[in-house]
Amino acid sequence: MRAEFGGAVLELVQGDITQQATDAIVNAANSGLAGGGGVDGAIHRAGGPKIMEECRKIGGCPTGEARITTGGNLEARYVIHAVGPVYRDGVSGEDRLLASAYRSSLRLAVENGLRSVAFPSLSTGAYHYPLRDAADVALSTVVGFLQNERHGLELVRFVLFDGRTQEEYERVLRRLSPHTLG
Ligand code: ADP
């Protein structure tokens, strides 16, 4: 499913984030930038040791922020490491921190002159953010950024790993944009 916001295409696909040929892919990182399971493990496996070398030099990243490194052996030239919140009880600032992780990633993409970026569904795996709420925060934040900020982005793609995640994101995108491009 695709829709247009602020001159950029917002696209939802089912797939594997490591296989995307966008200028950058976003990692669901932890605050130590230390690698891990899920998206993080897959990116370091596919991208090789250069990515971790740069992560070590950076040292870490607070929750709600993002840092950029090489894409190593990936097709994407850069990896943007975004740290989403661990979901606790829903009233511990999770929505603000999740929105901030998306916004920080997009800001880094723009500062580096990138035109296309692919996101996974941050925080909805090991960090247990309820999927429906996470999809809402993710898409409204990205749409708000595309509509309100100066950017040269042409494509923001969400790469959703499983059918249920894709369905929830599609439901939210349909609500945000009644005129999806199909
Ligand atoms: P977090 O720790 O932020 O919750 P995870 O990596 O555990 O991040 O999971 C985030 C989401 O990414 C989950 O929906 C998970 O199913 C999905 N996911 C796992 N591996 C991949 C992959 N290779 N490409 C895209 N999405 C993935």
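The values are calculated or read from the model by the stated rules, or taken from the named source; none is laboratory data. Since we're looking at a predicted model, the values are computed, not measured. Counting neighbours? That spans all protein chains shown, and the Cβs are built from the backbone with ideal geometry, glycine included. Areas reflect the complete protein model, heavy atoms only, side chains present, ligands, DNA and RNA absent. Shrake-Rupley method; radii C 1.70, N 1.55, O 1.52, S 1.80 Å.
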Looking at the range 100-122 only, could you name the residues that are open to solvent by 10 Å² or more (accessible area, probe 1.4 Å) and either hydrophobic (A, V, I, L, M, F, W, C) or within 13 Å of the ligand (Cβ to nearest atom) (or both)?
Leu108, Val110, Ser121
Looking only at the range 156-172, how many residues end up being open to solvent by less than 30 Å² (accessible area, probe 1.4 Å) and in contact with a strand residue (DSSP E or B) (Cβ under 6 Å, 6 or more places away or on another chain)?
5
Per the filter on the range 2-42, residues over 18 Å from His128 (Cα atoms) and among the small types (Gly, Ala, Ser) are Ala3, Gly6, Gly7, Ala8, Gly15, Ala21, Ala24, Gly32, Ala34, Ala42
Residues of the range 40-66 being within 15 Å of the ligand (Cβ to nearest atom) and either among the small types (Gly, Ala, Ser) or closer than 21 Å to Asp16 by Cα (or both), in sequence order, are Asp40, Gly41, Ala42, Ile43, His44, Arg45, Ala46, Gly47, Ile51, Gly64, Ala66
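Yes/no matrix, rows are residues, columns are (1) in contact with a Leu (Cβ under 7 Å, 6 or more places away or on another chain); (2) within 14 Å of the ligand (Cβ to nearest atom):
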position	(1), (2)
Val142	yes, no
Asn148	no, no
Gly152	no, no
Val159	no, yes
Tyr169	yes, yes
Val172	yes, no
Over the range 33-57, the set of residues touching a residue at least 12 places away in the same chain (Cβ under 8 Å), open to solvent by less than 20 Å² (accessible area, probe 1.4 Å), out of contact with any Ser or Thr (no Cβ under 8 Å at 6 or more places or on another chain) and on the phi < 0 side of the Ramachandran plot is Asp40
Scan the range 12-30 for residues that are assigned to a loop (DSSP other than H, G, I, E, B) and within 11 Å of the ligand (Cβ to nearest atom) and jot them down.
Gly15, Asp16, Gln20, Ala29, Asn30
